[in-house]
Amino acid sequence: RMHCARCGDFTVCAPCCQRGGTLPGGGVFADLLNRELAEALVADPGWLRFKARSYFFKADHNAVGTVDKIKAQRVASRLIIELGIDSKHGSSLDPARELRRRRASAATAAGVEVDQEAPLEL
């Protein structure tokens with residue numbers, strides 16, 4: 001389920017669903033991501049969160065609720081291919097490292113200690 005900011009419900013209202021389905025690049029429900037859709041998603045935080053969650057659930061193929069480094073690298077590889085990122089730039093794409101960096105930064109700001117080796121959770 002997704003929270004609809006426009007109508008304040010935990011389901012998606014028809015206008016928001018229509019908007020998501022007609023986003024450039026095939027719409028938010030397309031299985032493959034392309035640059036056009038990625039750019040549209042960056043401008044729409046609600047649908048960006050939805051798409052990010054869909055990638056999380058694809059990565060979490062065994063439904064344990066976490067994404068480890070290997071799973072995150074699989075998603076990164078998929079995104080490199082889907083978005084046509086040059087391989088010399090794509091090799092430095094490590095989503096697990098970036099998410100851990102962000103989690104540590106947020107924990108530091110909150111004055112909390114976080115285990116850097118703990119799996120990433122949704």
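The values are calculated or read from the model by the stated rules, or taken from the named source; none is laboratory data. Computed from a predicted model, the values in this text were never measured in an experiment. Please note: Cβ atoms are built from the backbone with ideal geometry, for glycine as well, and neighbour counts cover all protein chains shown. Quick note on the areas: whole protein, heavy atoms, side chains included, nothing else; ligands and nucleic acids left out. Shrake-Rupley method; radii C 1.70, N 1.55, O 1.52, S 1.80 Å.
Before moving on, here are some points about what is shown:
- Peptides 56-65, 17-26 ranked from most to least packed, by the mean per-residue count of other Cβ atoms within 10 Å: 17-26, 56-65.
- By accessible area with a 1.4 Å probe, ligands and nucleic acids excluded, highest first: order of L37, L48: L48, L37
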